[in-house]
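Colleague: Structure incoming, see below.
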Amino acid sequence: MQPMPKPRPPYLQRHVTRHGKVVWYVRKGRGPKIRINGAYDSDEFKAAYRAAIAGEAPTPRGGPQKDTLAWLIKLHRASGYYTSKSEATRKKRDQIFAQVLKTSGSYPVLSVDKTAIEDARDKRRETPSQARHFVDTMRSLFKWAVESNLVKADPTIGVKTKKPNKTGFKPWTDDDIAKFENRWPRGTRERVMFDIFVYTGLRIGDVALLGKQHVKNGVITIDTEKTGTRVTIPVLPPLALTLKMGPTGPLAFVASKSGAPLLKNSLGNAFHAACKAAGVDKSAHGIRKAAATHAADQGATVHELEAIFGWTGGAMAAHYTREANRKALAKGAMHKLSRDHTDDEIQKRQS
């Protein structure tokens, strides 16, 4: 005896196209037809049917299932909250999202709790910076999701990460600079990138973009990649001479042999190789740090440092001026630690 056929769910209509293909729709009364994707009675089909009955927008075929991490991340990346972030921030977070989507994209959002975040963080414990970026990215995602009423709780609350090394990048010394200049004289691409770092204080991402289009009447004007802050600085004579001697590219000063601009990562690798050849174990950001320290030691104010280095808010610039002031105060007050008396006082005691 044949089993009884399963009754068709309410409002579900079957239609055969002129090409003989069977398609399914949900239609309540005289309302619109809502097409149901997926093989009949499959999980995808059932989820689309439930969404149509509930009056929710159907999930596009091939798109992420509603209420999954992939669904939440897709909505987040399309939001103004996310698109307003700097390109550098979005790029860094997109890398984290790509990892999450690969391993956990199909997970229900409600299954993501504090333990899940901590487990994912701990899987990155060998690279503390990656662990920190992961938590920061997920914290931003769920903060937005709570504010958008997409989830009720933020699972990243209370999740801690190791603080970054406070020593940061080592600043270049005069000896480091001399080594590099001796190894790479003017007329080399390595010297072009080095002198741009030294005489502008720009970050590596901005140096990769910097070209003739940013220079007018001896002044560089560029909107920084990280924050979008506009920096306007004069081209100092040593840099002008280096750029004149080249080699430079038509679109960016630092270019490949074919003249094409170097991407940020390629520029970083090229500069690292140049430093290694010069016997200097420092980074490009260390030059920026040394430049800020030197400017502060020469009396640059917070506002002057912010104008040069593209900082805002005063905190970073204040760090350098505070250190410079401490040096000056210590130098001026050291004599107060001395227990020796003046020559006249010593002579009086001896007579």
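The values are calculated or read from the model by the stated rules, or taken from the named source; none is laboratory data. What you see is a predicted model, and the numbers here were worked out from it, not measured in a lab. Heads up, the Cβs are rebuilt from the backbone with ideal geometry, glycines too, and the neighbour counts pull from every protein chain shown.
Colleague: Only one of (1) surrounded by fewer than 16 Cβ atoms within 10 Å (Cβ to Cβ); (2) at pLDDT 75 or above; (3) closer than 27 Å to Trp24 by Cα is not met by Ser86, so which one is it?
Modeller: It fails just one condition, (3).
Colleague: Looking only at the stretch 222-273, count every residue that is within 25 Å of the chain's Cα centre (by Cα) and either over 13 Å from Val207 (Cβ atoms) or in contact (Cβ under 8 Å) with a residue 60 or more places away in the chain (or both) and tell me the total.
Modeller: Our first condition is that a residue be within 25 Å of the chain's Cα centre (by Cα); within the stretch 222-273, this holds for 222-233, 251-256, 260-273.
The next check asks that each one be either over 13 Å from Val207 (Cβ atoms) or in contact (Cβ under 8 Å) with a residue 60 or more places away in the chain (or both); those that pass are 223-233, 251, 253-256, 260, 264, 267-273.
Number satisfying all stated conditions: 25.
Colleague: Kindly list, by first and then second residue, each pair from a residue in the stretch 91-116 that is without any contact (Cβ under 8 Å) to a residue 24 or more places away in the chain to a residue that is of a type in the set (Lys, Arg), limited to pairs with Cβ atoms under 8 Å and residues at least 6 apart or on different chains.
Modeller: Within 8 Å, the pairs are Asp94/Arg77.
Colleague: Can you tell me which residues in the stretch 254-269 are out of contact with any Ser or Thr (no Cβ under 9 Å at 6 or more places or on another chain) and either crowded, with 20+ Cβ neighbours inside 10 Å or not in a loop (DSSP other than H, G, I, E, B) (or both)?
Modeller: Across the stretch 254-269, the qualifying residues are Pro261, Lys264, Asn265, Leu267, Asn269.
Colleague: So is Gly187 assigned by TED's automatic domain parsing to the domain that holds Ala208, part of a loop (DSSP other than H, G, I, E, B), at positive phi and modelled with pLDDT of 90 or more or not? It would help to see each step written out before you state the result.
Modeller: On the way: assigned by TED's automatic domain parsing to the domain that holds Ala208: yes; part of a loop (DSSP other than H, G, I, E, B): yes; at positive phi: yes; modelled with pLDDT of 90 or more: yes.
Here the answer is yes, as Gly187 does meet what is asked.
Colleague: Looking only at the stretch 285-329, how many residues end up being at pLDDT below 80, exposed (fewer than 14 other Cβ atoms within 10 Å of the Cβ) and either among the β-branched types (Val, Ile, Thr) or under 25 Å from Phe194 (Cα atoms) (or both)?
Modeller: The qualifying residues number 1.
Colleague: List the number of the failed condition for Thr242; all other conditions in (1) β-branched (Val, Ile, Thr); (2) at pLDDT below 95; (3) surrounded by 20 or more Cβ atoms within 10 Å (Cβ to Cβ) hold.
Modeller: (2)
Colleague: Of all residues in the stretch 112-151, how many are surrounded by 15 or more Cβ atoms within 10 Å (Cβ to Cβ) and of a type in the set (Asp, Glu)?
Modeller: 2
Colleague: Quick one: count up the residues across the stretch 210-237 that are within 28 Å of Thr89 (Cβ to Cβ) and part of a loop (DSSP other than H, G, I, E, B).
Modeller: Total meeting the criteria: 8.
Colleague: Something else now. Working only within the stretch 11-29, note down all residues that are loosely packed, with under 10 Cβ neighbours inside 10 Å and under 12 Å from Tyr40 (Cβ atoms). Let's see the steps before the verdict.
Modeller: Of the stretch 11-29, the ones loosely packed, with under 10 Cβ neighbours inside 10 Å are 16-22, 29.
Within the stretch 11-29, Val22 is the sole residue that qualifies.
Colleague: Within the stretch 285-298, is there a residue that is outside any helix (DSSP H, G or I), within 18 Å of Ile204 (Cα to Cα) and either free of Cβ contacts under 8 Å to residues at least 24 places away in the same chain or not β-branched (Val, Ile, Thr) (or both)? Outline the logic, then answer.
Modeller: Our first condition is that a residue be outside any helix (DSSP H, G or I); within the stretch 285-298, this holds for 298.
Okay, now just the ones that are also within 18 Å of Ile204 (Cα to Cα), so none.
No, the stretch 285-298 contains no residue that is outside any helix (DSSP H, G or I), within 18 Å of Ile204 (Cα to Cα) and either free of Cβ contacts under 8 Å to residues at least 24 places away in the same chain or not β-branched (Val, Ile, Thr) (or both).
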